[in-house]
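Data block below; observations after.
The values are calculated or read from the model by the stated rules, or taken from the named source; none is laboratory data. No experiment lies behind these values; they were computed from the predicted model shown. Here the Cβ is made from the backbone with ideal geometry for all residues, glycine too, and neighbour counts use every protein chain on show. Side chains included, ligands, DNA and RNA excluded: accessible areas come from the protein's heavy atoms. Shrake-Rupley method; radii C 1.70, N 1.55, O 1.52, S 1.80 Å.
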Amino acid sequence: MAHPVVHFEIIGGNPGRLRDYYGDLFGWQFDLTNDAATAVSAPGEYGFTQPPSGIPGGIGGGEGYGPRTLFYVGVPDVEKALKQAETLGGTRVSGPHPNPAGTLQVGFFTDPEGHLIGLAAPTPPPA
């Protein structure tokens, strides 16, 4: 696979309740020490999980963040991938957005049938 799925998310209005639910259901543990981009989750509300197998993910959101489940595809350049998605009939939703640490960019688009898809890439070095 040229561009693998690299991350999943579950976002909702009460991320603490969602983390408790999925923690109890699947035994997931969450690290809340790193924030996600504010386009993804309210500060301090995003919990990353790194399972011993499978892809990493996170649960976050907060007041004003609508419920969604989402996967991210790893790409070399978020902006370029968003433009290609648009050329092929998709619609850019937003991005690229840097994470608070400035090490990662994310973007979002919908495919021609309206499915929301995330993109993720390392932040390019300054020009």
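Side notes on the structure shown:
- Fraction of accessible area attributable to carbon and sulfur, the chain (%, probe 1.4 Å): 57 percent
- In degrees, nearest ten, helix 15-26 long axis to first principal axis of the chain (Cα): 80 degrees
- The modelled label-to-label distance for the pair VAL93/GLU63, using points 7 Å beyond Cα in the direction of Cβ, is 2.3 nm.
- Tilt relative to the chain, helix 78-87 - C-alpha long axis, 0 to 90 degrees, to 10: 60 degrees
- Mean Cβ count within 10 Å, highest first, over the residues of peptides 106-114, 61-69, 4-12, 39-47: 39-47, 4-12, 106-114, 61-69
- Förster radius 22 Å - calculated FRET efficiency between LYS83 and THR38 (Cβ-Cβ, nearest 0.05): 0.40
- Think of a 1.4 Å ball rolled over the protein heavy atoms: the chain then has 58 Å² of accessible area per residue.
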